[in-house]
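The values are calculated or read from the model by the stated rules, or taken from the named source; none is laboratory data. It should be emphasised that the depicted structure is a prediction, and the values quoted were computed from it without experimental measurement. With ideal geometry, Cβ positions are generated from the backbone for all residues, glycine too; neighbour counts draw on all protein chains shown.
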Amino acid sequence: MEGRIGGSGSNVCSYSPGLFTKKATIGSRIMNLQETFNQIAQLDISGYGKDFLLTWEKSGDEIKATLFLAELFREMHRQGLTYKTFDSGLAISIFRDKSTRTRFSFASAANALGLAVADLDEEKSQIAHGETVRETANMISFMTDVIGIRDDMFLGEGNTYMREVAEAVQTGYEEGTLHQRPALVNLQCDIDHPTQSMSDLVMLKQTFGSLENLRGKKIAMTWAYSPSYGKPLSVPQGIIGLMTRFGMDVTLAHPEGYGLIPDVVDLADRQAKAGGGSFSVVNDMKEAFNGADIVYPKSWAPFQVMEKRTELLKAGDTAGLKSLEKEALANNARFTDWECDEEKMSITKDGKALYLHCLPADITDVSCKKGEVSKSVFDRYRKDTYLEAGFKPFVIASMMFLGRLDDPVNKLNEILVKMKKRF
Amino acid sequence: MEGRIGGSGSNVCSYSPGLFTKKATIGSRIMNLQETFNQIAQLDISGYGKDFLLTWEKSGDEIKATLFLAELFREMHRQGLTYKTFDSGLAISIFRDKSTRTRFSFASAANALGLAVADLDEEKSQIAHGETVRETANMISFMTDVIGIRDDMFLGEGNTYMREVAEAVQTGYEEGTLHQRPALVNLQCDIDHPTQSMSDLVMLKQTFGSLENLRGKKIAMTWAYSPSYGKPLSVPQGIIGLMTRFGMDVTLAHPEGYGLIPDVVDLADRQAKAGGGSFSVVNDMKEAFNGADIVYPKSWAPFQVMEKRTELLKAGDTAGLKSLEKEALANNARFTDWECDEEKMSITKDGKALYLHCLPADITDVSCKKGEVSKSVFDRYRKDTYLEAGFKPFVIASMMFLGRLDDPVNKLNEILVKMKKRF
Amino acid sequence: MEGRIGGSGSNVCSYSPGLFTKKATIGSRIMNLQETFNQIAQLDISGYGKDFLLTWEKSGDEIKATLFLAELFREMHRQGLTYKTFDSGLAISIFRDKSTRTRFSFASAANALGLAVADLDEEKSQIAHGETVRETANMISFMTDVIGIRDDMFLGEGNTYMREVAEAVQTGYEEGTLHQRPALVNLQCDIDHPTQSMSDLVMLKQTFGSLENLRGKKIAMTWAYSPSYGKPLSVPQGIIGLMTRFGMDVTLAHPEGYGLIPDVVDLADRQAKAGGGSFSVVNDMKEAFNGADIVYPKSWAPFQVMEKRTELLKAGDTAGLKSLEKEALANNARFTDWECDEEKMSITKDGKALYLHCLPADITDVSCKKGEVSKSVFDRYRKDTYLEAGFKPFVIASMMFLGRLDDPVNKLNEILVKMKKRF
């Protein structure tokens, strides 16, 4: 068939070019839809699986496919082209924590693919009525193509819950209860925040020109002061768990006692060694910033505090929680100098490191008296942080598309050959 | 016109076969889309009407058409075929009680037909502002194709409210305020739960092979113990109001004092007599289970308790409600042996009766200390109850389609001739 | 290209007729889709802009285009024709106050154009987390085509907030963060309620036959008694700000001390003078009703009360608010005779003035003991008020279409040439 890419048995193929040739810019770069498609078509994504739960469960090719497809979808959107894939179908979101950008990114991604969003509001459901995770997962999935979950409040729980849901719908599919196996997308858990770290990776690729160009670049993932406590660990863990795979020099910096989940730190170390980059942990923000190409200053709660908080929340120990908060804030207050200010920026590579943040940032004198970043630094990089956030809808759409479809490359080819306008 | 079925004046027609011939399985049975369409096309649904409020207001042909179409839609979904009917349009849901499966079934049904769901959250609306039912019903219906309502809290109110809404939009349509008359679907009221009982009927048809095969089968609709009180009567009423029409031997079992709405019990009796089956009420769970082909053990509140509760809720009598709850729970506690356990299952037909439940069930040692069903029985039938629940989205879509369209058979033919893939 | 209307550089053009010719009725009038399209195509809407925030920021041609297109969309809907424009895309609603009809009108409008509604529930978002308006506006807009906002609680705030959002997405678009500039629609602010006043204008046009026929007609926009206080000023302001542009005799009536925002009153006066009509303010309901062709009796809070209320709300002064409410209600109670009753209706033109209301009305002996309108008057005009409300979804769709598209006339022509059925 003309324009057909890839056999039904495999997603890896050689490709004869020439079908769609429009050139385009992403950020400031010229992007060629055809070329990007070719790159995707040459990757091995045969083992991609249905779910995107942790970036380190995906192979290098799978990460690349997710990233390239996100860029392709974004470029199509910029050109006014549609990549609507489904004629109907549901994308269910389960938010167990507040969210603006991820909520709208999920809605945007689902909508662009042709899916309608249905939010599972656990308060309006019968879940309190003793319903099991397995039952709920099946009951909402009869006509569901994608499930997105944010569950980042309790250490040891969010990712576990996602796996329970995944297993439930897998069994439902195998038993014939479900006609299709919905794809799961982790919209932030206790361990990883893959839609964020992948958006950050797109940002880095576009800023530095290619994934290859990231080799040897120094990224400082550092703790920063915030007048709140209990922020999830998933962003710093997601960053060290992903960026150590691209030959980067990843420096994790935090005050003593603010460590991340040890297993993830070990993983980052192993990955850095295997990938030809480096990974180090320091207790000095300036040391991390020194010569850095990229800085990512962001507050989080110490692992031990999160563990204790999880226990207290489960026990409903309000007094204990108040006391923990007081103690944790007092401890935080010893580190108000962990702020990303002009002085620290000046010691980065040429004084011009790229500043990343998952937003919203705690900006000194804007959203709080003393925060993660000074106003002048944030203002200079505001546009960049918005651009960074803007990749997320396309990253999520890419995860949905690759997870849900049996032969995504062929489907993508079909879509691209049509070059249909969105309106 | 080629492939055209039925004249514009009538939905009853003879049909020349041969247009779409794909074979398919539903559950374990081979299903032929063409054949099912033929069955539907031969039924008299000329008086179907806009609303599906009580199963016993529908003729035998109308019930069959609803059921066959639900099976057809389900089979199309299984085969990856779309039956999207509308290019745009709203399906409004009004939930006056918590819901998981019905909420998602409604969303799934609407979405598959091409309608977007808009939920009327009465707290966010101006309804508190003294707006009448007639006004609200019209204000939300200018571009609305379907309205689904769950209102099961107060005896004497839910179904009445639905009829008020139906009358309001009918008047609005006749006055020209509305361009179309939205179809209403009862998503559970104080009297009936037609989307549940119809799903149960599909389950029985598929289990026993045909509606004809249900003749003479014994179904035990029995009360079961639950550590809660105030559960609606609509499920047991829906079951005895529907199953007595198919020549089944319907046994309603409950402790003394746990009766249903007398009018519905009378109706069941009359229908059983007319249909060649039987209907009996007993006060012994074992007597009902004895030799039963199907058992449906499910808790509900006594009619009198619901009546009193309705009064107290209206009066805002919190103390009275607490006292009623205490009294009702104490009364319930006398019947903890009304549990569907292995011993009782062993006396059903060959010890292998089909277990039905609308879910979520109160499972002993799982969701409560003592409940409606033992863990081992529920586990054995868990897959079946999920399958049973899975018919609901398609039953609702069928009710929407048959209620909303003027010539559903012709439209269905159009859709089937296209055999379009969902993605 | 056959059937093509207008060049890409201009929306003003001459038109060769004959492509789509179906005749139709709106209300009782025959409407010709072709003719209405021709009228729109001849208007200068080249400066329409992205946002619809205040009717008086729009030129006469722009108001007419909005109105004619609303009528055209409504007629298409009546005929079962679709005007779906987008294959995908989001329409975001932000409701900072309760709403039924505007909420559903917005959902209907978006859906008809092919956009999915995503509601920004500020409680479920991270906005409390110190996020700026600029940031939130961009974060929700990456794939968003339309934003609708209701923010009518605080004087001096609602419209200002809308402009902040508009500026934020404009900057985002110019910076390349957003691929498209979402169109904003004011769903009611502290100053204007353009989707309401434009619906009212459609009602008047259809009742009196044409905009030209409104010349010299007397409309009485009068305060009326209600047992509540703190109702927004946007409806009366919207009416005097719009109707004074069509050569009407606009009389604003209210008890002394119940004045509107002075700037809007001045604007109405200037517009009346420029347009050849008249504008007067009186303190006597009967004087306003005398000889009126149209009456619009509607309660609102005095400007000064709203100003004070805004201060107290911001200060969180609960005691002050209670005292203000008491005082304001006591003051209102002096004017219970400001009711639209049969006696007052009898002194209107031929005793048959058209009664308008934005709904829900406070109806004496229905929704309250003493209200804005007597039961018999409201009942006689109930159908008319429903019809009036029914224009709103189409008015909003028109604002979205004209604001979002670069070449709406050409797109409209494409849609009309297809004459595609909605189902």
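For region B:211-259, taking the residues that are among the aromatic types (F, W, Y) and out of contact with any Pro (no Cβ under 6 Å at 6 or more places or on another chain), the one that is nearest to B:W338 (Cα to Cα) is identified as B:Y225. Among the residues making up region B:176-201, those that are of a type in the set (D, E, K, R) and either modelled with pLDDT under 95 or not in a helix (DSSP H, G or I) (or both) are B:R181, B:D190, B:D192.
Checking C:F73 against (1) under 18 Å from C:E388 (Cα atoms); (2) surrounded by fewer than 16 Cβ atoms within 10 Å (Cβ to Cβ); (3) at pLDDT 95 or above: exactly one of these is not met. Which one? Among (1) under 18 Å from C:E388 (Cα atoms); (2) surrounded by fewer than 16 Cβ atoms within 10 Å (Cβ to Cβ); (3) at pLDDT 95 or above, the lone unmet condition for C:F73 is (2).
Within region B:54-81, the set of residues being more than 27 Å from A:E175 (Cα to Cα), among the hydroxyl-bearing types (S, T, Y) and touching a residue at least 40 places away in the same chain (Cβ under 8 Å) comprises just one member, B:T55. Does B:V146 qualify as being buried (at least 21 other Cβ atoms within 10 Å of the Cβ), assigned to a strand (DSSP E or B) and either of a type in the set (F, W, Y) or not assigned by TED's automatic domain parsing to the domain that holds B:S299 (or both)? Yes. A single entry from C:L120, C:L214, C:L155, C:L204 fulfils the requirement of being over 27 Å from A:F423 (Cβ atoms), aliphatic (A, V, I, L, M) and at pLDDT below 95: C:L155.
Which of the residues that make up region A:334-344 are free of Cβ contacts under 8 Å to residues at least 60 places away in the same chain and surrounded by fewer than 22 Cβ atoms within 10 Å (Cβ to Cβ)? A:D341, A:E342, A:E343 - these are the residues of region A:334-344 that are free of Cβ contacts under 8 Å to residues at least 60 places away in the same chain and surrounded by fewer than 22 Cβ atoms within 10 Å (Cβ to Cβ). Among the residues of region B:360-401, the ones that are among the aliphatic types (A, V, I, L, M) and more than 19 Å from B:Q188 (Cα to Cα) come to 5 in all. What do you reckon, is C:G320 part of a loop (DSSP other than H, G, I, E, B) and either more than 14 Å from chain B (Cβ to nearest Cβ) or in contact with a Ser or Thr (Cβ under 6 Å, 6 or more places away or on another chain) (or both)? So C:G320 fails the test.
Has region C:44-63 got at least one residue that is within 14 Å of chain B (Cβ to nearest Cβ), part of a helix (DSSP H, G or I), over 25 Å from A:H77 (Cα atoms) and out of contact with any His (no Cβ under 6 Å at 6 or more places or on another chain)? Checking region C:44-63: not a single residue is within 14 Å of chain B (Cβ to nearest Cβ), part of a helix (DSSP H, G or I), over 25 Å from A:H77 (Cα atoms) and out of contact with any His (no Cβ under 6 Å at 6 or more places or on another chain). Within region A:59-66, is even one residue at pLDDT 95 or above, among the charged types (D, E, K, R) and more than 20 Å from A:T195 (Cα to Cα)? For region A:59-66, residues at pLDDT 95 or above, among the charged types (D, E, K, R) and more than 20 Å from A:T195 (Cα to Cα): absent. Against the condition in contact (Cβ under 8 Å) with a residue 24 or more places away in the chain and surrounded by fewer than 20 Cβ atoms within 10 Å (Cβ to Cβ), how does C:R96 come out, does it pass? Yes; evaluated as a whole, the condition is true for this residue.
Given the criterion aromatic (F, W, Y), modelled with pLDDT of 95 or more and outside the structural domain of C:Q304 (by TED's automatic domain parsing), identify the matching residue among C:Y258, C:Y173. Break it down stepwise before answering.
Values: C:Y258 fails: outside the structural domain of C:Q304 (by TED's automatic domain parsing).
Result of the check over C:Y258, C:Y173: C:Y173.
A:K84 falls short on exactly one of the conditions (1) within 14 Å of chain C (Cβ to nearest Cβ); (2) free of Cβ contacts under 8 Å to residues at least 24 places away in the same chain; (3) charged (D, E, K, R), and that condition is (2).
For every residue, the table says whether it meets (1) in contact with a Gly (Cβ under 6 Å, 6 or more places away or on another chain); (2) on the phi < 0 side of the Ramachandran plot; (3) assigned by TED's automatic domain parsing to the domain that holds C:D200.
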{"site": "C:I363", "(1), (2), (3)": "yes, yes, yes"}
{"site": "C:S367", "(1), (2), (3)": "yes, yes, yes"}
{"site": "C:T385", "(1), (2), (3)": "no, yes, yes"}
{"site": "C:M399", "(1), (2), (3)": "no, yes, no"}
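For region A:364-423, taking the residues that are among the aromatic types (F, W, Y) and within 19 Å of the chain's Cα centre (by Cα), the one that is nearest to the other protein chains (Cβ to nearest Cβ) is identified as A:Y386. When A:I347 is tested against the conditions (1) at positive phi; (2) surrounded by fewer than 19 Cβ atoms within 10 Å (Cβ to Cβ), the lone failure is (1).
If you go through region A:202-219 and keep only what is assigned to a loop (DSSP other than H, G, I, E, B), surrounded by fewer than 22 Cβ atoms within 10 Å (Cβ to Cβ) and in contact (Cβ under 8 Å) with a residue 40 or more places away in the chain, you end up with A:G209, A:L211, A:R215, A:G216.
Residue-level check: of (1) under 24 Å from B:T195 (Cβ atoms); (2) facing chain C (nearest Cβ under 7 Å); (3) surrounded by fewer than 20 Cβ atoms within 10 Å (Cβ to Cβ); (4) not aromatic (F, W, Y), B:I140 misses just (3). Scanning region B:156-185 for residues that are in contact with a Lys or Arg (Cβ under 8 Å, 6 or more places away or on another chain), surrounded by 23 or more Cβ atoms within 10 Å (Cβ to Cβ) and more than 21 Å from C:F394 (Cα to Cα) returns B:G158, B:A183, B:L184. Looking at C:V264 and the list (1) under 18 Å from C:L356 (Cβ atoms); (2) within 18 Å of the chain's Cα centre (by Cα), which single condition is not satisfied? Answer for C:V264: the failing condition is (1). On inspection, C:V373 does not qualify as within 16 Å of C:L69 (Cα to Cα) and buried (at least 21 other Cβ atoms within 10 Å of the Cβ). Looking only at region B:282-302, residues that are acidic (D, E) and more than 18 Å from B:S346 (Cα to Cα) come to 0 in all. Screening C:R103, C:R74 for residues that are out of contact with any Ser or Thr (no Cβ under 8 Å at 6 or more places or on another chain) and within 9 Å of chain B (Cβ to nearest Cβ) leaves exactly one candidate, C:R74.
So, C:R96, is that one more than 10 Å from every other protein chain (Cβ to nearest Cβ) and among the charged types (D, E, K, R) or not? Give the derivation first.
Numbers: more than 10 Å from every other protein chain (Cβ to nearest Cβ): yes; among the charged types (D, E, K, R): yes.
In short, yes.
Among the residues of region A:123-137 satisfying the criterion of being modelled with pLDDT of 90 or more and crowded, with 20+ Cβ neighbours inside 10 Å, which is nearest to A:S398 (Cα to Cα)? Here the residue is A:A137.
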